Amino acid sequence: MANLKEIAELIGGRLQGNPACEIIGIQALNKANCDEIAFVAKEKESLDLSPIKAGALIVAADSRMHYPNLVYVADPRLAFAKLLEFFHPQQPFCTGIDASASISEKARIANHVRIGPFSYVGQNSQIGENTEIHAGVIIYRDVKIGRDCLIYSRVVIRENVEIGDRVIIHPGAVIGADGFGFGRTSEGAAVKVPQVGKVIIGTGCEIGANTCIDRSTIEETILAENVKLDNLVQIGHNVRIGKNTAISAQTGISGSTEIGAQVVMGGQVGVADHIHIADGVMVAAKSGVSGSIKKKMIVAGIPDQEIGAWRKSVVLLRNLGAWKEKLRQLEIKIKKAEEK
Amino acid sequence: MANLKEIAELIGGRLQGNPACEIIGIQALNKANCDEIAFVAKEKESLDLSPIKAGALIVAADSRMHYPNLVYVADPRLAFAKLLEFFHPQQPFCTGIDASASISEKARIANHVRIGPFSYVGQNSQIGENTEIHAGVIIYRDVKIGRDCLIYSRVVIRENVEIGDRVIIHPGAVIGADGFGFGRTSEGAAVKVPQVGKVIIGTGCEIGANTCIDRSTIEETILAENVKLDNLVQIGHNVRIGKNTAISAQTGISGSTEIGAQVVMGGQVGVADHIHIADGVMVAAKSGVSGSIKKKMIVAGIPDQEIGAWRKSVVLLRNLGAWKEKLRQLEIKIKKAEEK
Amino acid sequence: MANLKEIAELIGGRLQGNPACEIIGIQALNKANCDEIAFVAKEKESLDLSPIKAGALIVAADSRMHYPNLVYVADPRLAFAKLLEFFHPQQPFCTGIDASASISEKARIANHVRIGPFSYVGQNSQIGENTEIHAGVIIYRDVKIGRDCLIYSRVVIRENVEIGDRVIIHPGAVIGADGFGFGRTSEGAAVKVPQVGKVIIGTGCEIGANTCIDRSTIEETILAENVKLDNLVQIGHNVRIGKNTAISAQTGISGSTEIGAQVVMGGQVGVADHIHIADGVMVAAKSGVSGSIKKKMIVAGIPDQEIGAWRKSVVLLRNLGAWKEKLRQLEIKIKKAEEK
């Protein structure tokens, strides 16, 4: 609970209204009551506010909305995120190390680490200060995990993986499984190529539920700082991803591909192997990227095109029936003309 | 084991043949022996029965098939399902609560609940009567699970999730992981928006192996009664799915989308965020649904079209080469005509 | 550590250079130091070797490269795989059976089996000699696993599954979950059809992380010898896959489909149900295979076409805008001609 004066200070905003107004929580705009605060995204400013009952609204600094209590901030969404943390602080999963966890005597566990039931940490693995490991997490040998990480239940981290600070890994993710690398005998049988490379995950990364990041033959699969992966994503062996890149659910990146910084990918995208995607590229959902993209642009389609060209293609394709008819009419006319 | 008279009664069918014929099991049509029963789907009635050795066949009420022992029922597939349950009753995974399970003292476990080894139930969580929880299942705090549920091994259920009665969750599914919600700083770094909403799963739902259903920022992700999800499906935050809807493997539904009742989706479909799909819509496998679908229809393609239009597009596209040639011929003719 | 003479013998190669040269490890070509060996794939022979510092190179038998130490072999990639095994032998996860594992008294565990912490083996299940089962693996009742298998952490194997020798299953895979089989009541509610069939996995298969292989109603889902599945793959109920077939990440095979031997599929492919794909077929990434493919060929696209036809379609589609303009010009000319 906090009053509006305190809330405005917390989010670095300017208050217009009653500083003493008490707020007990945060809510979606259309559900908030008079003791709750909500936010209005910049693009939703034209909304009809008459049915809104929220005690206060967080709005953009240049908002022209009229409402009894308003808190003006540079970015309403970020302010909202901060208030969510304030009203719903992350609760520790457990205190200390659960008696049922299995920790190698040769593991190095820093202070204030919490480890839940049925979790395992192998020999020579290191867990940094204040990191929390939930239940049923399996950490192989020679793994390094930084401080302030949050490893949800049932994550598997294979040997030699390195994880930075403040990394969040959601349930069921698998980090460092063998890459899909095979030779072929002359009879065509696949022969496994051992995968002994590393996976390195930078500070501030977040890995979605049931997502897989593979280790490579001998080189490194690398996520730079602050990369965000959604659920059920596949990152092939030897892939490198630049900082602040965000990849949506069910997207797959094939082996040895390099993805720049600040890249944004929609869901169910497929990216071919051994290509390079420039910084700042955006890839629409369900696209198939088959070759390198050398400069910042937005692409879509299978295979991918610049999004404007792709949109034109879609429209042209939908008009094909009409054209076919036009073509047929022209043929008839010309045939008639010829017969004259 | 049962005789045909008993079997006909069990499935509410009409027997033509020998009521004393003993049946020891159920089999696929082409594999069944004389002491086994099989079924013939309505659309397969024209099949040659001469190689069939089954002791009896379950057929549609209006079937014209000739065979020594026939059991006529309204729906052969449903009758077959009932007989499968009769001949292969679900065996309990374990009895009572395994000594190695870790159950919070503050959890409320109803009567006749079975919990397997290495499963964990957090504080204030409730498990309803006769629910079975297999091995390695992690249930966080404040979870409500109804009665007669079947939670397979290695499922993770995060805090505050609510699950109705008779729900089946297959191995590896993750219910209530954080939605993929981020703000951006002015420098472009992604900033996590805390996800503190609920996931609510209705009575009779079934969730496939390694499927993920995300929690949202503050609102609710809801599956109504009897929704069926296949394996490796992604349900984004704040999605709502109407009753009896069935979604095939590897399909993904983006955040805040609302899907009606009785919807059927093929595999690897992608559905955009913040859209609405009407009751009864069918979506072909691999489609990309980019906008709302306002009435019951069948769609296919990326982006989606009404399926008839899509089929025409596919045919037109395949004939493009021929048209191009026609167009070229017309150009030549016209050029010649002009030169005259 | 080994000298080049020993290495040449190990990989059955012909050495040109200094047999006493000591090699301590294997590396990527551009990173190898003078005490490391690297390989040059046949297609990379034209590479500039001047910056290369490797102590020796493994090259194809007919290579024309010039370098101080060369080992000529039939297949550099396979020789490299062998050396990787030599320099990085698989280390045992654990010795014997961990005290925290839960093994049914009625399970049959052969000699030299290793089972890690928090793993469970149900009644009547058999584990063959020298098989290694990591942590948190759940093996239901009546499962048969052969010898020399490697089952990574958090794998789930449901009842009655049969697994051959030398099978590798990566973390999080789910073998034998229920197929997605439903009937419909006359009101449209889905009614579960019990799935009591088997899954059979042949000798030498490898199953990727978080991949799912479903059991069928009463028949068998079968992977023949040496099938290789990447991560997050979905194999529907009653599917059969021929030997040496390799399937990349996030691909899904629908129920009752039969896939031949030596088939190669890219990632994110979808294959329809109840179809047949011939031996040796190759399917490009992201394709949607909607009907049977009767002979060895390469296909691509949604729906799939022979890859040459597909490539032409893509080019034709990209030129549609130009054609539309041509068509418009012709119309104008003809209209003018008519007006004369």
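The values are calculated or read from the model by the stated rules, or taken from the named source; none is laboratory data. What you see is a predicted model, and the numbers here were worked out from it, not measured in a lab. So basically every Cβ, Gly included, is an ideal-geometry build from the backbone, and we count neighbours across all protein chains shown. What goes into the accessible areas is simple: the full protein's heavy atoms, side chains included, and nothing from ligands, DNA or RNA. Shrake-Rupley method; radii C 1.70, N 1.55, O 1.52, S 1.80 Å.
Candidates C:Ile145, C:Gly172, C:Gly301 compared by Cα position along the dipole of chain C: farthest toward the positive end lies C:Gly301, with charges placed on Cβ. Contact order for segment B:155-303, expressed relative to its length and based on alpha carbon pairs under 8 Å spaced 6+ residues apart, stands at 14 percent. DSSP bridge analysis restricted to segment B:2-87 gives an antiparallel fraction near 35%, rounded to the nearest 5. For segment C:62-94, applying the loop criterion from DSSP together with a ceiling of 10 other beta carbons within 10 Å to the trypsin sites (Lys or Arg not before Pro) yields C:Arg64.
When DSSP beta bridges are restricted to pairs lying wholly in the protein assembly as shown, around 15% turn out antiparallel. Which entries of A:Lys335/C:Lys333; A:Lys340/C:Lys335; A:Lys44/B:Lys243; C:Lys44/C:Lys228 have Cα-Cα distances beyond 22 Å here? Listed pairs above 22 Å: A:Lys44/B:Lys243; C:Lys44/C:Lys228.
Once the Cβ-Cβ distance of A:Cys34 and B:Ala74 is raised to the sixth power relative to R0 = 41 Å, the FRET efficiency obtained is 0.15. These residues, A:His170, A:His112, go from largest to smallest accessible area, 1.4 Å probe, as A:His112, A:His170.
From the alpha carbon centroid of segment A:277-340 to that of segment A:24-84 is 42 Å.
At a Förster distance of 30 Å, what's the computed FRET efficiency of C:Lys53 paired with A:Asp279, Cβ-Cβ distance as r, to 0.05?
Given R0 = 30 Å and the Cβ-Cβ separation, E is 0.45.
In order along segment C:3-16, the phi-based Karplus estimate (6.51 cos²θ - 1.76 cosθ + 1.60, θ = phi - 60°) of 3J(HN,Hα) comes to 8, 5, 4, 5, 5, 4, 5, 4, 9, x, x, 9, 8, 10 Hz; Gly and Pro are listed as x.
The separation of segment C:184-218 from segment B:225-274, counted between C-alpha centres, amounts to 20 Å. Checking the a/c ratio against 1.5 first, then a/b against b/c, what shape does the Cα gyration tensor give for segment C:187-340? Judged from the Cα gyration tensor, segment C:187-340 comes out prolate (a/c at least 1.5, a/b above b/c). Among the protein heavy atoms, those of B:Arg328 account for about 120 Å² of accessible surface (1.4 Å probe, every chain in place).
Over the C-alpha trace of segment A:137-262, radius of gyration and Dmax come out as 14.1, 51 angstrom.
Proximity of backbone amide H atoms, modeled 1.01 Å from N, is registered between C:Leu150 and C:Glu132, C:Val167, C:Ile168, C:Ile169 at under 5 Å, excluding neighbours fewer than 5 places apart on the same chain. Under the criterion of Cα pairs below 8 Å and six or more residues apart, the relative contact order for chain A equals 6 percent. Derived from the Cα gyration tensor, the three semi-axes of the equivalent ellipsoid of the protein assembly as shown are 41, 38, 38 Å, largest first.
Rounded to the nearest 5, the antiparallel percentage of DSSP beta bridges internal to chain C is 15%. Here B:Glu219 sits with roughly 40 square angstrom of accessible surface, probe radius 1.4 Å.
Remark: spin-label model distance C:Ile24-B:Arg108 equals 6.5 nm, labels positioned 7 Å along the Cα→Cβ axis. Springs between Cα atoms under 10 Å define the GNM used for chain A, and in it the highest mean-square fluctuation of A:Leu317, A:Leu327, A:Leu84 occurs at A:Leu327. Residue by residue along A:331-338, Cβ atoms of other protein chains within 10 Å of the local Cβ number 4 on average. Among the residues of B:263-272, the average count of other protein chain beta-carbon atoms within 10 Å of the residue beta-carbon is 5.
Computed from phi, the 3J(HN,Hα) profile of segment B:55-68 under the Karplus parametrisation 6.51, -1.76, 1.60 (θ = phi - 60°) reads x, 7, 10, 8, 9, 5, 3, 9, 5, 10, 5, 10, 6, x Hz, with x in place of Gly and Pro.
The largest accessible area among A:Trp323, A:Trp310 belongs to the first residue in A:Trp310, A:Trp323, and the rest follow in falling order (1.4 Å probe, all chains). Accessible surface comparison of A:His134, C:His274, probe 1.4 Å, protein chains only, largest first: the order is C:His274, A:His134. Counting only protein heavy atoms and using a 1.4 Å probe, the accessible area of B:Leu78 comes to about 50 Å².
Positive-end ranking of B:Ile58, A:Asn319, B:Pro89 along the dipole of the protein assembly as shown, with charges on Cβ about the Cα centre, is headed by A:Asn319.
Prolate is the label for segment C:93-185, because the ratio a/c of its alpha-carbon gyration tensor axes (a ≥ b ≥ c) is 1.5 or higher and a/b is greater than b/c. Per residue, the convex hull spanned by the Cα atoms of segment B:2-47 measures out at 87 cubic angstrom. Residues whose amide H falls under 5 Å from that of C:Val233, counting only those 5 or more places apart or on a different chain, are C:Thr211, C:Cys212, C:Gln250, with hydrogens built in the peptide plane. Taking amide H as placed 1.01 Å from N in the peptide plane, C:Ile302 has its amide H under 5 Å from the amide H of C:Gly288, each at least 5 places away in sequence or on another chain.
The Cα trace of chain A gives Rg and Dmax of 26.7, 99 Å, the first to one decimal, the second as a whole number. Decide, for segment A:2-87, between rounded, prolate and oblate: order the square roots of the alpha carbon gyration tensor eigenvalues as a ≥ b ≥ c, take rounded if a/c falls under 1.5, and otherwise choose prolate if a/b is larger than b/c, else oblate. Cα axes put segment A:2-87 in the rounded bin.
Using the Karplus relation 6.51 cos²θ - 1.76 cosθ + 1.60 with θ = phi - 60°, the per-residue 3J(HN,Hα) values for segment A:252-264 come to x, 10, 6, x, 6, 8, 10, 10, x, 8, 6, 6, 10 Hz, with x marking Gly and Pro. Of all aspartates and glutamates in the structure, the ones whose alpha carbon falls short of 16 Å from that of B:Lys106, not counting any fewer than 8 places away in one chain, are B:Asp142, B:Glu159.
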